[in-house]
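Have a look at the structure below, then the notes.
The values are calculated or read from the model by the stated rules, or taken from the named source; none is laboratory data. If you're wondering where the values come from, they're calculated on a predicted model, not measured in any experiment. Note: ideal-geometry Cβ built from the backbone for every residue, glycine included; neighbour counts use all protein chains shown.
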Amino acid sequence: MDKIKYVIRHGLELSNDLNADTVLIFTESGSSYEQYKKIILENPKLVKTGLKVIVATPNSDTYFKLKNEPIIPILMNYGKNSRVSTVNQAMIVLLENGFLNIGELIVSIFGTSKVSISNNISVLEVDDYPDFVRFYNYISSLDDIKRKVILEALNIGIELSVEGREGKPVGTTFLIGEKTELLKMTTPLILNPFECHDAIIFDKKVKGTLKELSTIDGAFLIDYIGNVFGGGRYINCGGAKINLPHGLGARHYSAATITKYIDCVAITLSASGGIVRVFDNGEILAEFKPNS
């Protein structure tokens, strides 16, 4: 425990030396946060005025305990991912919750004594991640509900990338746009699993259903206020001049193409590599790699 305390103190000292905007502490049981509290009780000046302290955990019980503390808690499913992967995933969760800002300097701390301090502490500047900056600028231009729907679909894609289904990677597509336009540009591959259901993407049960159905072929259809109204849909448009990197398959080309024809956003999850891509106006708007 003394080693954990030393790592956290070192990270806080580094955040002061660098004049960081945010300190991000990862903990599962909450013990690292308890060590953080002891440190600032001994030396309150280690947490400068205005410093954002965010504590991330994959444990829901820990998360609910942290909600009563004077920090910002976030719940994210990082499991046994590498530290680099976990930090990348955390940036997406911070962006989704409005805690990630352009120009910020973040010090992340993993409160464990199993590896060296240099592996437990990392420093990143948001501006060094162009995909995050580009996506941030795009999301910031949207109205509130549309932004939340796109971010929720992105979050589901990220979680599927990390979790897979039954231990296996999956690939899928989410299309967010106007219902009539999406139905016109797609055809059913299976009976619609969302027919006659009031399915809102923010509902935990709907989120679970989307994950369970992620192995079926075709895209999920979601409107701009969050109604999930289609699954297993084939995107039946082509012919647009799309310029994508080599190596991307039919899922990505069809996703890019439909965003060229109509006002919609496509989010794809690649079964190989777990890369999540966001398409708008026929182009890759952003690319996220939760597992690398």
Based on this model, can you work out whether residue 66 counts as surrounded by 14 or more Cβ atoms within 10 Å (Cβ to Cβ) and over 29 Å from residue 155 (Cα atoms)? no
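Can residue 278 be described as among the β-branched types (Val, Ile, Thr), surrounded by 13 or more Cβ atoms within 10 Å (Cβ to Cβ) and out of contact with any helix residue (DSSP H, G or I) (no Cβ under 6 Å at 6 or more places or on another chain)?
On the way: among the β-branched types (Val, Ile, Thr): yes; surrounded by 13 or more Cβ atoms within 10 Å (Cβ to Cβ): yes; out of contact with any helix residue (DSSP H, G or I) (no Cβ under 6 Å at 6 or more places or on another chain): yes.
Against the criterion (among the β-branched types (Val, Ile, Thr), surrounded by 13 or more Cβ atoms within 10 Å (Cβ to Cβ) and out of contact with any helix residue (DSSP H, G or I) (no Cβ under 6 Å at 6 or more places or on another chain)), residue 278 qualifies.
Which residues, counting only those in the stretch 194-206, are closer than 16 Å to residue 219 by Cα and modelled with pLDDT of 95 or more? Outline the logic, then answer.
So in the stretch 194-206, the residues closer than 16 Å to residue 219 by Cα come out as 194-195, 199, 201, 206.
Of everything in the stretch 194-206, those that are closer than 16 Å to residue 219 by Cα and modelled with pLDDT of 95 or more turn out to be 194, 199, 201, 206.
Inside the stretch 183-202, can you point out the residues that are part of a strand (DSSP E or B) and free of Cβ contacts under 8 Å to residues at least 40 places away in the same chain?
Initial filter on the stretch 183-202 (part of a strand (DSSP E or B)): 186-188, 200.
Matches in the stretch 183-202: 200 only.
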Check residue 162 against each of (1) in a helix (DSSP H, G or I); (2) modelled with pLDDT of 90 or more; (3) assigned by TED's automatic domain parsing to the domain that holds residue 210 and name the one condition it does not meet. (2)
For residue 43, which of the numbered conditions (1) at negative phi; (2) of a type outside the set (A, V, I, L, M); (3) touching a residue at least 40 places away in the same chain (Cβ under 8 Å) fails to hold? (3)
With the first residue restricted to the stretch 81-96 and required to be farther than 20 Å from residue 153 by Cα and not assigned by TED's automatic domain parsing to the domain that holds residue 149, and the second required to be among the aliphatic types (A, V, I, L, M) and assigned to a helix (DSSP H, G or I), Cβ contacts under 9 Å at 6 or more apart or on different chains are 81/162
